[in-house]
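Asks: Okay, here's the structure, questions in a sec.
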Amino acid sequence: MTKGRLVRRARRRDVPRDIARERCALLYRLAVEEAMKGDLGRARRYVELGLRLLQKYRLRKPVYYRRWVCKNCHAPLIPGLTTLVRVRSTRTHVIIVKRCSVCGWINRTPLRKKR
């Protein structure tokens, strides 16, 4: 009987965290839409609100926040619009270089080549 209570408590505690995850995803989608329309100020604000939600509920950043948000100015990185994407190749790696068009921040993501 106590085991069931613990499970229910854990589920109740996770509900706000699940809601925070959903809202972060929604805020990111809204940020991308606003950036497409040309309102970068509002897009950055949406991203900042999403990041603040993640911090408040102590959640890990989703992949799209880690890879597609500028860590310097919090602008959503959209290839061709707010970021320049280039691919550099070496013998063992492929390096994806993303440069933010707003602030000039550069992100390099190494990937291994398939054998």
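Asks: Residues to consider are Y28, Y46, Y64; find the one that is surrounded by 12 or more Cβ atoms within 10 Å (Cβ to Cβ) and at pLDDT below 95.
Replies: Y64
Asks: Identify all residues within region 59-93 that are in a loop (DSSP other than H, G, I, E, B), touching a residue at least 40 places away in the same chain (Cβ under 8 Å) and either within 21 Å of R17 (Cα to Cα) or among the β-branched types (V, I, T) (or both); write none if there are none.
Replies: Result: L59, P62, I78, T82.
Asks: Among the residues of region 96-110, write down those that are of a type outside the set (G, A, S) and within 27 Å of A43 (Cβ to Cβ).
Replies: Scanning region 96-110 gives I96, V97, K98, R99, C100, V102, C103, W105, I106, N107, R108, T109.
Asks: Same structure, new question: Name the one entry in L54, L77 that is among the aliphatic types (A, V, I, L, M), out of contact with any strand residue (DSSP E or B) (no Cβ under 6 Å at 6 or more places or on another chain) and surrounded by 14 or more Cβ atoms within 10 Å (Cβ to Cβ).
Replies: Working: L77 fails: out of contact with any strand residue (DSSP E or B) (no Cβ under 6 Å at 6 or more places or on another chain).
The conditions single out L54.
The values are calculated or read from the model by the stated rules, or taken from the named source; none is laboratory data. Just so you know, these numbers come straight off a predicted model, no measurement behind them. Glycine gets a Cβ as well: all are built from the backbone with ideal geometry, and neighbour counts include every protein chain shown.
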